[in-house]
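Worksheet: one structure, shown below.
Derivation of every value follows stated rules applied to the coordinates shown; laboratory data play no part. All of these numbers come straight from a predicted model, not from anything done at the bench. Reconstructed Cβ throughout: ideal geometry from the backbone, glycine too, with neighbour counts over all protein chains shown.
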Amino acid sequence: MKNLDRSLLIIFALFLTGSGFFFHYTKVSAILLTRDDHANRIIIKVAPGEEFIYFYIHSIYGAPVQEEFRAGRDKIMLIGVQAAHAGVREYYGFEGSDDFNFVKREFKSPIAIKIGESESQGIIAGRRTVSFGEIGKPGDRILLSVKEYSLASYIVEITFFSRFFKFGI
């Protein structure tokens, strides 16, 4: 009986050790939308290298704009900007009549975005759409960033520290 108890204890200890390694070394990438005062935040799980779109209405021309980004390891890469309105393209310095213009710009720190008066402002990641109205009101600043978590810290973050959470399945 003592040998059986000892064997079960060893198996349980190995299981706990293996689980700890799994939760620590399994990585999860997520888009973080955090209100500037850190009162609200939305976490959207994404795959490394997954593309997502920041959409908004241009404040001067009143035309829709989509900025395409790629999630990296604790960084964001701007891939391109789509704008059908010629004035918007000129505003951003794009020449020609193509609606989509390729850009290559990397952001390692959060991107600060002010919530505009239009309700058409937010993020599309895969099949998920998040409106900035879910996290703040017009005039509030949103910090957009990508963060890589261990699975354990990701679970703790979404369970205890994120007021809003969008499941990224």
Only one of these conditions is not met by SER145: (1) part of a strand (DSSP E or B); (2) surrounded by 14 or more Cβ atoms within 10 Å (Cβ to Cβ); (3) over 11 Å from the mean Cα position of the chain (by Cα); (4) small (Gly, Ala, Ser). Which number is it?
(3)
Kindly list, by first and then second residue, each pair from a residue in the range 108-135 that is free of Cβ contacts under 8 Å to residues at least 24 places away in the same chain to a residue that is in a loop (DSSP other than H, G, I, E, B) and not basic (Lys, Arg), limited to pairs with Cβ atoms under 6 Å and residues at least 6 apart or on different chains.
GLU117/PRO138; GLY133/GLU119
Being exposed (fewer than 14 other Cβ atoms within 10 Å of the Cβ) and either within 17 Å of ILE31 (Cα to Cα) or touching a residue at least 12 places away in the same chain (Cβ under 8 Å) (or both): is that true of SER150 here?
no
Top-ranked residue in the range 109-130 [being of a type outside the set (Val, Ile, Thr) and assigned to a strand (DSSP E or B); ranked as surrounded by the fewest Cβ atoms within 10 Å (Cβ to Cβ)]
ALA112
Collect the residues in the range 67-90 that are without any contact (Cβ under 8 Å) to a residue 24 or more places away in the chain and closer than 17 Å to PHE132 by Cβ, keeping them in residue-number order.
GLU67, PHE69
Note on the range 93-114: residues touching a helix residue (DSSP H, G or I) at 6+ places or on another chain (Cβ under 9 Å) and under 18 Å from PHE69 (Cβ atoms) are PHE94, ASP99, ASN101, ILE113
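Table: residues versus (1) assigned to a loop (DSSP other than H, G, I, E, B); (2) farther than 26 Å from TYR92 by Cβ; (3) more than 10 Å from the chain's Cα centre (by Cα); (4) of a type in the set (Ser, Thr, Tyr).
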| residue | (1), (2), (3), (4) |
| --- | --- |
| ALA30 | no, yes, no, no |
| LEU33 | no, no, no, no |
| ILE44 | no, no, no, no |
| GLY49 | yes, no, yes, no |
| PHE52 | no, no, no, no |
| TYR56 | no, no, yes, yes |
| SER59 | yes, no, yes, yes |
